[in-house]
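Engineer: Below are the structure tokens for one structure; questions will follow.
The values are calculated or read from the model by the stated rules, or taken from the named source; none is laboratory data. All values derive from a computational prediction rather than experimental measurement. Here Cβ is always computed from backbone atoms with ideal geometry, including for glycine, and neighbour counts include all displayed protein chains.
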Amino acid sequence: MKHVETTTRPSVDTPELPSVDVTLRVNGESYRLRFDSRVTLLDALRDHLGLTGAKKGCDQGACGACTVLVDGRRIVSCLALAAQYDDCEITTIEGLGDDDHPHPMQEAFARHDAFQCGYCTPGQIMSAVSLQAEGRAGTDEDIREFMSGNICRCGAYPNICAAIREVAGEGNDASL
Ligand code: FES
Ligand code: FES
């Protein structure tokens, strides 16, 4: 288990809250952390663990850029308090695959040019992996409906949909 020293962000207008001890299991590694109980899972991942794949877009649950998997289910990590996820299994885009062994969904996104600026892409891919596990990638309509929480400012939706459809249609193993 890794012990990570963390600091609580100072706040000028809110009172100090008690620190909490949390074990986050992320991408197969365990981290023992202590931080302010108000720290979100997204901030814990990005600021405390240096895992910057999950992106902060809106920071209010509206864009999906911060999507990660918790025990195999997708959540928007900007709305989740890290302390709620003690000992849960968290997967971020960094844990999905790498350059040598990309996940089938990552390969499909690359093949279909399913991004432009790429800012939304980690969240799109995490959500797409979960979508398939949920059995909701049967039709284009389903894909659009159940990916509607992931916003793409560049409008890469047709290519995102094509990538997901390909993975689902070919029966590729898109599990973790
Ligand atoms: Fe979390 Fe937008 S940053 S939903
Ligand atoms: Fe730019 Fe989606 S690729 S926001």
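Engineer: Only residues that are closer than 24 Å to P102 by Cβ and hydroxyl-bearing (S, T, Y): list them for the stretch 126-151, please.
Structural biologist: If the condition is that a residue be closer than 24 Å to P102 by Cβ and hydroxyl-bearing (S, T, Y), then S127, S130 are the ones that fit.
Engineer: Ok, one more. So which residues in the stretch 53-63 are closer than 24 Å to A133 by Cα and away from ligand 2 (no atom under 16 Å from the Cβ)?
Structural biologist: Narrowing the stretch 53-63 to residues closer than 24 Å to A133 by Cα: 53-55, 61-63.
Selection gives G61 alone.
Engineer: For the stretch 54-67, which positions are more than 6 Å from ligand 1 (Cβ to nearest atom) and touching a strand residue (DSSP E or B) at 6+ places or on another chain (Cβ under 6 Å)?
Structural biologist: Filtering the stretch 54-67 for residues more than 6 Å from ligand 1 (Cβ to nearest atom) gives 54-55, 60, 67.
A54, T67 - these are the residues of the stretch 54-67 that are more than 6 Å from ligand 1 (Cβ to nearest atom) and touching a strand residue (DSSP E or B) at 6+ places or on another chain (Cβ under 6 Å).
Engineer: Considering only the stretch 38-51, I want to know if a residue exists there that is in a strand (DSSP E or B), over 14 Å from the mean Cα position of the chain (by Cα) and acidic (D, E). Explain how you work it out, then say what you get.
Structural biologist: Pass one, the stretch 38-51, residues in a strand (DSSP E or B): 40.
Filter once more, so that each one left must be over 14 Å from the mean Cα position of the chain (by Cα): none.
Looking for residues that are in a strand (DSSP E or B), over 14 Å from the mean Cα position of the chain (by Cα) and acidic (D, E), one finds none in the stretch 38-51, hence no.
Engineer: Same structure, new question: Can you name every residue in the stretch 139-148 that is in contact (Cβ under 8 Å) with a residue 12 or more places away in the chain and either closer than 15 Å to A54 by Cα or more than 16 Å from ligand 1 (Cβ to nearest atom) (or both)? Give the derivation first.
Structural biologist: Step one: list which residues in the stretch 139-148 are in contact (Cβ under 8 Å) with a residue 12 or more places away in the chain, which gives 140, 143-144, 146-147.
Residues satisfying the conditions are D140, I143, R144.
Engineer: Return yes or no: is R165 at pLDDT 95 or above, in contact with a Ser or Thr (Cβ under 7 Å, 6 or more places away or on another chain), more than 12 Å from ligand 2 (Cβ to nearest atom) and not in a loop (DSSP other than H, G, I, E, B)? Step through it out loud before you land on a result.
Structural biologist: Details: at pLDDT 95 or above: yes; in contact with a Ser or Thr (Cβ under 7 Å, 6 or more places away or on another chain): no; more than 12 Å from ligand 2 (Cβ to nearest atom): yes; not in a loop (DSSP other than H, G, I, E, B): yes.
Judged against the criteria, R165 is not a match.
Engineer: If you take the residues in the stretch 64-123 that are surrounded by fewer than 23 Cβ atoms within 10 Å (Cβ to Cβ), within 16 Å of ligand 2 (Cβ to nearest atom) and not in a helix (DSSP H, G or I), which one is nearest to the chain's Cα centre (by Cα)?
Structural biologist: The extreme case among them is Y119.
Engineer: With (1) out of contact with any helix residue (DSSP H, G or I) (no Cβ under 6 Å at 6 or more places or on another chain); (2) basic (K, R); (3) free of Cβ contacts under 8 Å to residues at least 40 places away in the same chain; (4) closer than 22 Å to A156 by Cα as the list, and R136 as the residue in question, which single condition is left unmet?
Structural biologist: (1)
Engineer: Go through the stretch 143-162 and give me each residue that's more than 16 Å from ligand 2 (Cβ to nearest atom) and more than 20 Å from V76 (Cβ to Cβ). Spell out the reasoning first.
Structural biologist: Let us first name the residues in the stretch 143-162 that are more than 16 Å from ligand 2 (Cβ to nearest atom), namely 145-146.
Passing the criteria: none in range.
Engineer: Just give me the residues in the stretch 110-124 being over 22 Å from A62 (Cα atoms) and in contact (Cβ under 8 Å) with a residue 40 or more places away in the chain, in sequence order.
Structural biologist: To start, the set of residues in the stretch 110-124 that are over 22 Å from A62 (Cα atoms) comprises 110-113.
Scanning the stretch 110-124 gives R111, H112, D113.
Engineer: Identify the residue in the stretch 129-155 that is among the aliphatic types (A, V, I, L, M) and over 22 Å from D59 (Cβ atoms) and, among all such residues, is surrounded by the most Cβ atoms within 10 Å (Cβ to Cβ).
Structural biologist: Taking the stretch 129-155 as the starting set, the residues that turn out to be among the aliphatic types (A, V, I, L, M) are 129, 131, 133, 137, 143, 147, 151.
Cutting the leftovers down to over 22 Å from D59 (Cβ atoms) gives us 129, 131, 133, 137, 143.
Working: V129: 27, L131: 24, A133: 16, A137: 23, I143: 23.
Per the stated criteria, the residue is V129.
Engineer: I want to confirm something. Restricting to the stretch 95-135 and keeping residues that are on the phi > 0 side of the Ramachandran plot and at pLDDT 95 or above, which single residue is farthest from ligand 1 (Cβ to nearest atom)?
Structural biologist: Step by step, filter the stretch 95-135, then rank; the result is D113.
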